[in-house]
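Asks: First, the structure itself, so that you have it in front of you.
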Amino acid sequence: MKEIIEICNKVNEIYGYRRITIQSFQLECLNALGREYIDGAEKVRLAKAAGFNTIDVDLIFGIANQGEDVLRKDFLMAFELGATQVSTYPFIDFSYANNIRKPLGKQEKKRHLNCLEKTSVEIGCDRTAVWSFAKKGTSRYS
(Lines give C-alpha, C1' and ligand atoms only; values in the text may rest on other atoms or scores of the structure.)
Protein backbone atom coordinates (compact mmCIF):
# COMPACT_ATOMS: atom_id res chain seq x y z
CA MET A 1 0.00 0.00 0.00
CA LYS A 2 2.82 2.43 0.89
CA GLU A 3 4.40 1.92 -2.54
CA ILE A 4 1.11 2.59 -4.29
CA ILE A 5 0.64 5.83 -2.35
CA GLU A 6 4.18 6.91 -3.25
CA ILE A 7 3.47 6.23 -6.94
CA CYS A 8 0.19 8.18 -6.73
CA ASN A 9 2.01 11.09 -5.12
CA LYS A 10 4.64 11.10 -7.87
CA VAL A 11 2.02 10.95 -10.65
CA ASN A 12 0.10 13.79 -9.01
CA GLU A 13 3.28 15.85 -8.60
CA ILE A 14 4.40 15.38 -12.20
CA TYR A 15 1.11 15.41 -14.09
CA GLY A 16 -1.33 17.04 -11.69
CA TYR A 17 -3.89 14.23 -12.09
CA ARG A 18 -6.89 14.76 -9.91
CA ARG A 19 -9.79 13.22 -11.77
CA ILE A 20 -10.94 9.69 -11.13
CA THR A 21 -13.29 8.18 -13.68
CA ILE A 22 -15.64 5.80 -11.91
CA GLN A 23 -18.88 5.97 -13.98
CA SER A 24 -20.65 4.07 -11.18
CA PHE A 25 -19.71 2.22 -8.02
CA GLN A 26 -22.56 -0.24 -8.77
CA LEU A 27 -21.81 -3.44 -10.68
CA GLU A 28 -25.26 -3.51 -12.34
CA CYS A 29 -24.73 -0.01 -13.79
CA LEU A 30 -21.27 -0.89 -15.08
CA ASN A 31 -22.69 -4.04 -16.66
CA ALA A 32 -25.41 -1.96 -18.37
CA LEU A 33 -22.66 0.25 -19.81
CA GLY A 34 -20.67 -2.78 -20.93
CA ARG A 35 -17.82 -1.69 -18.64
CA GLU A 36 -15.51 -3.94 -16.70
CA TYR A 37 -15.84 -3.72 -12.91
CA ILE A 38 -13.11 -1.78 -11.15
CA ASP A 39 -13.00 -1.04 -7.45
CA GLY A 40 -13.86 2.63 -7.72
CA ALA A 41 -14.02 3.05 -3.98
CA GLU A 42 -10.43 1.87 -3.70
CA LYS A 43 -9.34 4.34 -6.40
CA VAL A 44 -10.80 7.23 -4.40
CA ARG A 45 -9.32 5.96 -1.11
CA LEU A 46 -5.86 5.73 -2.72
CA ALA A 47 -6.10 9.28 -4.07
CA LYS A 48 -7.13 10.56 -0.65
CA ALA A 49 -4.38 8.57 1.10
CA ALA A 50 -1.86 9.95 -1.41
CA GLY A 51 -2.78 13.46 -0.29
CA PHE A 52 -4.58 14.74 -3.36
CA ASN A 53 -6.19 17.98 -2.18
CA THR A 54 -8.67 18.01 -5.05
CA ILE A 55 -10.37 14.77 -6.05
CA ASP A 56 -12.95 14.92 -8.83
CA VAL A 57 -14.97 11.74 -9.35
CA ASP A 58 -16.76 11.28 -12.69
CA LEU A 59 -20.14 9.55 -12.58
CA ILE A 60 -22.63 8.79 -15.37
CA PHE A 61 -26.40 9.17 -14.98
CA GLY A 62 -29.24 8.07 -17.22
CA ILE A 63 -28.09 4.45 -17.35
CA ALA A 64 -30.76 1.83 -18.07
CA ASN A 65 -32.22 0.45 -14.83
CA GLN A 66 -30.43 3.13 -12.77
CA GLY A 67 -33.01 4.44 -10.35
CA GLU A 68 -32.64 7.70 -8.47
CA ASP A 69 -31.81 5.67 -5.34
CA VAL A 70 -28.82 4.06 -7.09
CA LEU A 71 -27.63 7.39 -8.50
CA ARG A 72 -27.97 9.07 -5.11
CA LYS A 73 -26.03 6.20 -3.49
CA ASP A 74 -23.14 6.66 -5.97
CA PHE A 75 -23.13 10.45 -5.49
CA LEU A 76 -23.09 10.23 -1.69
CA MET A 77 -20.51 7.45 -1.73
CA ALA A 78 -18.09 9.54 -3.81
CA PHE A 79 -18.14 12.34 -1.24
CA GLU A 80 -18.04 9.96 1.74
CA LEU A 81 -14.91 8.34 0.30
CA GLY A 82 -13.13 11.68 -0.06
CA ALA A 83 -14.12 13.33 -3.34
CA THR A 84 -14.09 17.11 -3.16
CA GLN A 85 -16.05 17.37 -6.41
CA VAL A 86 -18.29 15.06 -8.40
CA SER A 87 -18.72 15.65 -12.12
CA THR A 88 -21.73 13.88 -13.57
CA TYR A 89 -22.49 13.24 -17.21
CA PRO A 90 -25.59 11.94 -18.94
CA PHE A 91 -25.16 8.62 -20.68
CA ILE A 92 -25.03 9.37 -24.39
CA ASP A 93 -25.37 6.65 -27.01
CA PHE A 94 -22.99 7.70 -29.77
CA SER A 95 -23.68 6.22 -33.20
CA TYR A 96 -20.26 4.54 -33.31
CA ALA A 97 -20.67 2.95 -29.87
CA ASN A 98 -21.85 -0.60 -29.60
CA ASN A 99 -23.79 -0.12 -26.37
CA ILE A 100 -25.63 -3.13 -25.02
CA ARG A 101 -28.31 -0.96 -23.42
CA LYS A 102 -29.63 2.41 -24.50
CA PRO A 103 -29.64 5.44 -22.19
CA LEU A 104 -32.74 6.61 -20.40
CA GLY A 105 -34.88 9.20 -22.18
CA LYS A 106 -34.68 12.96 -21.81
CA GLN A 107 -37.32 13.18 -19.07
CA GLU A 108 -35.71 10.45 -16.98
CA LYS A 109 -32.31 12.12 -17.33
CA LYS A 110 -33.87 15.40 -16.20
CA ARG A 111 -35.26 13.64 -13.10
CA HIS A 112 -31.79 12.24 -12.41
CA LEU A 113 -30.24 15.69 -12.68
CA ASN A 114 -32.91 17.07 -10.33
CA CYS A 115 -32.08 14.27 -7.88
CA LEU A 116 -28.38 15.23 -8.04
CA GLU A 117 -29.21 18.90 -7.46
CA LYS A 118 -31.43 18.11 -4.48
CA THR A 119 -28.88 15.73 -2.96
CA SER A 120 -26.07 18.23 -3.41
CA VAL A 121 -28.04 20.87 -1.50
CA GLU A 122 -28.81 18.37 1.28
CA ILE A 123 -25.11 17.67 1.84
CA GLY A 124 -23.97 21.28 1.45
CA CYS A 125 -22.37 21.26 -1.99
CA ASP A 126 -22.22 24.04 -4.56
CA ARG A 127 -23.11 23.48 -8.19
CA THR A 128 -19.90 24.46 -9.98
CA ALA A 129 -20.78 23.65 -13.60
CA VAL A 130 -23.64 22.24 -15.62
CA TRP A 131 -23.21 18.75 -14.15
CA SER A 132 -20.57 19.29 -11.42
CA PHE A 133 -20.96 19.68 -7.67
CA ALA A 134 -18.27 20.46 -5.08
CA LYS A 135 -17.93 20.67 -1.33
CA LYS A 136 -18.12 24.26 -0.16
CA GLY A 137 -14.72 25.89 0.28
CA THR A 138 -12.75 23.38 -1.79
CA SER A 139 -10.63 23.99 -4.87
CA ARG A 140 -12.45 23.50 -8.14
CA TYR A 141 -11.24 21.12 -10.80
CA SER A 142 -12.47 21.33 -14.37
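The values are calculated or read from the model by the stated rules, or taken from the named source; none is laboratory data. This is a predicted model, so every value here is computed, not measured. Glycine also receives a Cβ, built like all others from the backbone with ideal geometry; neighbour counts cover every protein chain displayed.
Asks: When you go through (1) under 14 Å from Cys29 (Cβ atoms); (2) surrounded by 12 or more Cβ atoms within 10 Å (Cβ to Cβ); (3) aliphatic (A, V, I, L, M) one by one for Ile100, which number turns out not to apply?
Replies: So the condition that Ile100 fails would be (2).
Asks: Quick check on region 124-138: of everything there that is surrounded by 14 or more Cβ atoms within 10 Å (Cβ to Cβ) and either in contact (Cβ under 8 Å) with a residue 40 or more places away in the chain or not charged (D, E, K, R) (or both), which residue is farthest from Glu28 (Cα to Cα)? Lay out the reasoning, then the answer.
Replies: Of region 124-138, the ones surrounded by 14 or more Cβ atoms within 10 Å (Cβ to Cβ) are 125-126, 128, 131-135, 138.
Among the residues that remain, those that are also either in contact (Cβ under 8 Å) with a residue 40 or more places away in the chain or not charged (D, E, K, R) (or both) are: 125, 128, 131-135, 138.
Values: Cys125: 27, Thr128: 29, Trp131: 22, Ser132: 23, Phe133: 24, Ala134: 26, Lys135: 28, Thr138: 31 Å.
Looking at the filtered set, the residue picked out is Thr138.
Asks: Would you be able to tell me the number of residues in region 68-86 that are modelled with pLDDT of 95 or more and of a type in the set (Gly, Ala, Ser)?
Replies: The qualifying residues number 1.
Yes/no matrix, rows are residues, columns are (1) part of a helix (DSSP H, G or I); (2) farther than 19 Å from Leu30 by Cβ:
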| site | (1), (2) |
| --- | --- |
| Leu71 | yes, no |
| Phe75 | yes, no |
| Tyr89 | no, no |
| Phe94 | no, no |
| Gln107 | yes, yes |
| Arg111 | yes, yes |
| Thr119 | yes, yes |
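Asks: When the residues of region 87-103 are narrowed to those that are farther than 19 Å from Asn65 by Cα and of a type in the set (S, T, N, Q), which ends up modelled with the lowest pLDDT?
Replies: Here the residue is Ser95.
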